[in-house]
Amino acid sequence: VVNNDEDETEDITTGGNSNLTEVTGQSIDIDTTNVDSGDELEVQIHEVDDPDPDAAGGNPVDTATENVKLAPAFDSAEVTDSNSDEVRVTFTNDVSVTDNSGFTFDAGLSLSTTGASVENGDTVVLTLDGNIQNGDDTDGALTYDETTGNVVSADDSSDARGFTNKDVPNNVDS
């Protein structure tokens, strides 16, 4: 989270870019690809045309240091022989979910309205309205839209990052 003088905040998450437009009134992107959860990230906003710039190119107008949140990201997905009516989606860290909002599965079957559950902390189990068969094409079938979904980090409630057209290995043998 970055604070400015007006006490506005903007979340910063790892693994991508965070835009600070709402906080600063300017479009500022921060690449957090190599930032780990729990790291402290200091953001300084500098005047561009400062007549007496410091080493960073201007005098700081605003500085904030905050802990970085770890946004869950897609790790893998599969349909198994023992659960051919489920898509098991594994994230990079433990998650929480209330239903299957935001998920779409495009492989001839729809997601069931029974919702979603979490297994082993980091795996969301999505129930299908039927069974995947051996040989069914599930490549590029899974998408998650973080703007309509509700998968969040179990640690700090940061929203999971969305993904599109992920392959779902079909491990159904018969």
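3J(HN,Hα) along region 156-166: 9, 6, 6, 5, 5, 6, x, 8, 10, 6, 7 Hz, from the Karplus curve 6.51 cos²θ - 1.76 cosθ + 1.60 with θ = phi - 60°, whole Hz, x for Gly and Pro. Nonpolar atom fraction for region 74-116, defined as the carbon and sulfur part of the 1.4 Å probe accessible area, stands at 36 percent. Database remark: amide H of Gly140 closer than 5 angstrom to the amide H of Asp167, Val168 (H placed geometrically; neighbours at sequence offset of 5 or more, or on other chains; Pro and chain starts carry no H).
Across region 138-150, coupling constants 3J(HN,Hα) worked out from phi with the 6.51/-1.76/1.60 Karplus curve, θ = phi - 60°, read 10, 5, x, 8, 10, 9, 9, 9, 5, 6, 10, x, 9 Hz, and Gly and Pro carry x. A simple rule links phi to the HN-Hα coupling: the Karplus curve 6.51 cos²θ - 1.76 cosθ + 1.60 with θ = phi - 60°, which for region 78-91 gives 6, 10, 9, 4, 7, 9, 6, 9, 9, 10, 9, 10, 9, 9 Hz, with x for Gly and Pro.
The values are calculated or read from the model by the stated rules, or taken from the named source; none is laboratory data. All values reported here derive from a predicted model rather than from experimental measurement. Remember, those area values only see protein heavy atoms, side chains included, never the ligands or the DNA or RNA. Shrake-Rupley method; radii C 1.70, N 1.55, O 1.52, S 1.80 Å.
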